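Asks: I'd like to ask you about the structure that follows.
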Amino acid sequence: MNPEIQHSIEQLRAGDPRALARAISAVENRTPGWSDLLKALFPYSGKAGVIGLTGPPGAGKSTLVDQLARHYRKHKRTVGIIAVDPTSPYTGGAILGDRIRMQEHFSDPGIYIRSMATRGSLGGLAQSTADVATVLDASGRDLIMIETVGVGQDEVDVVRLADITVVILVPGTGDDVQTIKAGIMEIADIFVINKSDRDGADRVEREIRALQSLAVRGDNWTPPIVKTVATDGTGVGELAEAIETYESYLKNENLVLKHKIQNWQDRLLEMLREALLERAREQLGDGNLSQYALEIAEHKRDPYTLVEEIAGKVGT
């Protein structure tokens with residue numbers, strides 16, 4: 001192993017926050033050596049529980065993550081938080097709203113918070129989120145919480161990465177059934193109705209129950225519904241208890257390995273897609289891509305044959 005990478009890993013494993021920050025930056029920005037770093041870190045990963053928290057914008061995800069982190073720290077568990085923020089249209093970086101909301105944790109070495117920009121990625125997660133989670137896992141964190149950007153009904157990528165997926169909803173958003181239907185509804189292991197002190201919380205709960213009655217999950221688990229008021233911590237203990245109950249259910253039903261296998265099948269396909277796309281880009285070059293686009297726009301050739309040709313070259 002590269003001595004520099006070995007030294008970085010030793011520092012990271014010893015709890016050096018600067019070494020952890022450098023490793024995450026290397027992985028996120030795909031700087032030279034990032035792949036070797038992940039290969040070396042992977043044997044140390046696989047021990048942390050990964051909780052994904054998703055839901056529509058304005059549901060209070062950041063505040064709930066903040067309160068949940070506070071709860072776990074009281075129980076002496078170390079926490080890594082990945083907050084996937086919208087991408088700035090000017091700098092391409094994360095807008096960092098989540099860091100502002102969680103800034104009181106910065107003095108606690110038991111919590112590490114990292115904001116990531118989506119950089120145009122759909123599905124609520126940045127492309128390198130899974131790799132950053134691996135780095136945090138290898139650093140020895142007990143729990144990793146991933147808060148997605150809040151893009152709406154198609155925000156389902158988190159289920160491919162998290163051991164447990166929490167879908168956070170909020171009353172008073174108008175047509176609640178429309179807001180919580182297919183998409184994020186189908187990936188929930190636990191439902192949270194946040195801001196439950198508002199009018200309409202009971203109606204949202206009834207609608208979730210009605211939707212749950214229409215289908216049975218493959219693992220026969222019925223996602224519980226937890227009501228919270230994240231601003232004052234109401235219901236956070238109940239949410240942590242629901243998470244623990246589902247963890248126990250997976251273990252008792254021998255579903256932990258099956259769940260991980262399914263997640264890795266999805267992730268491997270995504271990793272292959274990314275690697276092959278990068279190889280195709282390298283072969284094309286910007287000049288060739290522009291020329292191909294011109295020829296297609298002028299109907300001098302068809303895109304379907306072109307893509308088959310490019311894919312064939314990448315395959316060899």
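Asks: What's the exposure ranking of Val170, Val135, going from fewest to most Cβ atoms within 10 Å?
Replies: Val170, Val135
Asks: Arranged by the count of other C-beta atoms within 10 angstrom, fewest first, what order do Asp266, Asp157 take?
Replies: Asp266, Asp157
Asks: In what order do Met116, Met145, Met271 fall by count of nearby beta-carbon atoms within 10 Å, going from fewest to most?
Replies: Fewest-to-most ranking of Met116, Met145, Met271: Met271, Met116, Met145.
Asks: Assign unit charges at the C-beta atoms only (+1 for Lys and Arg, -1 for Asp and Glu), then state the dipole size of the range 182-274 relative to its Cα centre in Debye, rounded to the nearest 20.
Replies: That gives the range 182-274 a dipole magnitude of about 240 debye.
Asks: Once Rh for the range 263-315 is found with the Kirkwood sum over Cα pairs, what is the Stokes-Einstein diffusion coefficient at 25 °C and 0.890 mPa s, in µm²/s?
Replies: D, rounded to a whole number, is 200 µm²/s.
Asks: Further question on the same structure: Please give me the summed charge of the neighbours of His71: other residues whose Cβ is under 12 Å from its Cβ, Lys and Arg +1, Asp and Glu -1.
Replies: Summing Lys and Arg as +1 and Asp and Glu as -1 gives +1.
Values quoted throughout were computed directly from the atomic coordinates according to the rules given, and no laboratory measurement underlies them. Bear in mind that the values here come from a model prediction, so they are computed numbers and not experimental data. Note that each Cβ is placed from the backbone with ideal geometry, even for glycine, and that neighbours are counted across all protein chains shown.
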